[in-house]
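The block underneath contains the structure these notes are about, expressed in structure tokens.
The values are calculated or read from the model by the stated rules, or taken from the named source; none is laboratory data. Just so you know, these numbers come straight off a predicted model, no measurement behind them. No Cβ is skipped: glycine too gets one built from the backbone with ideal geometry, and neighbour counts run over all protein chains shown. Keep in mind that these areas ignore ligands, DNA and RNA; they rest on the heavy atoms of the full protein, side chains included. Shrake-Rupley method; radii C 1.70, N 1.55, O 1.52, S 1.80 Å.
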Amino acid sequence: MTSTRTRNPLDLLFIGGSGIISAASVARAVAQGHRVTVLNRGRSTTRPLPDDVETLVADVADDAAVDAALAGRDFDVVAQFRAFSPDHVARDVARFTGRTGQYVFISSASAYQTPPSRLPVTESTPLRNPYWQYSRDKIAGEDLLVRAYRDDAFPATVVRPSHTYDRTLIPTLGGWTDVARMRAGKPVVVHGDGTSLWTLTHTEDFAVGFVGLLGHPHAVGDAFQIMGTHAPTWDQVYTWLGAAAGVPDPEIVHVPSEAIARVLPDEGDGLLGDKAHSMLFDCAKLQALVPEFATTVTFDQAAHEQVAWYDAHPEARVVDRALDEGFDRLVEHARGI
């Protein structure tokens, strides 16, 4: 099936709009001629909005402020990037019923069965993550929207991104702290044996799939995962990042994910509930509606863009001391020191 979506300009509302996942989608929507309104707190300077975007300022957690900002407004599409609980989704259903032709909820691929019983993951893979509350809250939001669509024809579309990044989001466990360790000649900690496969999707590739679903009549009442076909091993990710940082052969120390979670509990849920497992995806369902969607940026290329951005922004080169010390302890334990 090829896309049958009208090419007429749409009135789009992005709730969020300046984040890692959403900013590129806003830019693509504007480039395609859609009328884009963004509602957020108006604080981001990292990803400035295009000039043609209408901005509404409100904290999405403040219902009264959101209602005031949107008073009397209807939209062809509402894209919600900032809902993380079923209560928030329920308030959106009440707020936008009769006021939009499509409500797009940004869920997460971490909502899928963890670990997956088989690969590749498709939209029919069960939703179950016993490790991470964030994922369970996304599942609950999806469940609410399924009921709203079935019972009241609320025009919901669910989108499940995987690990989406831009030049600011280094995908490793320590982010910039890992780069700093490499440049200092210190080892970096990689979970497991470093051979699990992890799908990484550049935000500009995500935007192609996402904007292609907006206003598409066959997307309403359904769920779509949006991620690319690029799935390197974690050892490759760290090695490419090191090469981009001028360390072509970084020292990697492999540590069991459970041990990392014990020493660094703040990282545990996202590790055990997501990154510790190989994740490969089949996006045929998306590509049937958005045939132009494809992987065009791989991380061996993007790592250079990321390091260059951090080198140009000294204020972003922050070493997390707690993480750094935790990595030191994990390395000492792994080496039996």
So which residues in the stretch 28-44 are more than 12 Å from L214 (Cβ to Cβ), in a strand (DSSP E or B) and hydrophobic (A, V, I, L, M, F, W, C), if there are any at all? V38, L39
Answer yes or no as to whether V60 is out of contact with any strand residue (DSSP E or B) (no Cβ under 7 Å at 6 or more places or on another chain) and open to solvent by less than 40 Å² (accessible area, probe 1.4 Å). no
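Within the stretch 244-256, restricting attention to residues that are open to solvent by less than 50 Å² (accessible area, probe 1.4 Å) and in contact with a strand residue (DSSP E or B) (Cβ under 9 Å, 6 or more places away or on another chain), which residue is nearest to R128 (Cα to Cα)?
So the first thing to find is which residues in the stretch 244-256 are open to solvent by less than 50 Å² (accessible area, probe 1.4 Å), and the list is 244-245, 247, 250, 252-253, 255.
Among the residues that remain, those that are also in contact with a strand residue (DSSP E or B) (Cβ under 9 Å, 6 or more places away or on another chain) are: 250, 252-253, 255.
Numbers: P250: 36, I252: 32, V253: 31, V255: 26 Å.
Of everything passing the filter in the stretch 244-256, V255 is nearest to R128 (Cα to Cα).
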Filtering the stretch 202-243 down to residues that are open to solvent by 20 Å² or more (accessible area, probe 1.4 Å) and out of contact with any Pro (no Cβ under 9 Å at 6 or more places or on another chain) yields E204, V208, G215, P217, H218, D222, T229, H230, A231, T233, D235, Q236
Single residue of the stretch 131-150 satisfying the filter (free of Cβ contacts under 8 Å to residues at least 40 places away in the same chain and within 30 Å of D62 (Cβ to Cβ)) that is surrounded by the fewest Cβ atoms within 10 Å (Cβ to Cβ): R147
From the option list A259, A288, single residue qualifying as within 21 Å of T233 (Cβ to Cβ), open to solvent by less than 80 Å² (accessible area, probe 1.4 Å) and part of a helix (DSSP H, G or I) is A259
Reported set for the stretch 262-285 where residues are farther than 24 Å from A223 by Cα and in a loop (DSSP other than H, G, I, E, B) is L264, A276
For the stretch 7-27: of the residues being hydrophobic (A, V, I, L, M, F, W, C) and assigned to a loop (DSSP other than H, G, I, E, B), which is least open to solvent (accessible area, probe 1.4 Å)? L10
Looking at V208, V237, V253, which one is in contact (Cβ under 8 Å) with a residue 60 or more places away in the chain and part of a strand (DSSP E or B)? V253
Out of the residues in the stretch 99-122 that are farther than 26 Å from D266 by Cα and open to solvent by 30 Å² or more (accessible area, probe 1.4 Å), which is farthest from the chain's Cα centre (by Cα)? R99
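Among the listed residues T195, T177, T172, T157, which satisfies the condition of being modelled with pLDDT of 95 or more, assigned to a loop (DSSP other than H, G, I, E, B) and either open to solvent by less than 10 Å² (accessible area, probe 1.4 Å) or touching a Leu at 6+ places or on another chain (Cβ under 9 Å) (or both)? First the steps, then the outcome.
On the way: T195 fails: either open to solvent by less than 10 Å² (accessible area, probe 1.4 Å) or touching a Leu at 6+ places or on another chain (Cβ under 9 Å) (or both); T177 fails: assigned to a loop (DSSP other than H, G, I, E, B); T157 fails: assigned to a loop (DSSP other than H, G, I, E, B).
Checking each option against the conditions leaves just T172.
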Is it the case that some residue within the stretch 123-130 is farther than 23 Å from L214 by Cβ, surrounded by 18 or more Cβ atoms within 10 Å (Cβ to Cβ) and not β-branched (V, I, T)? yes
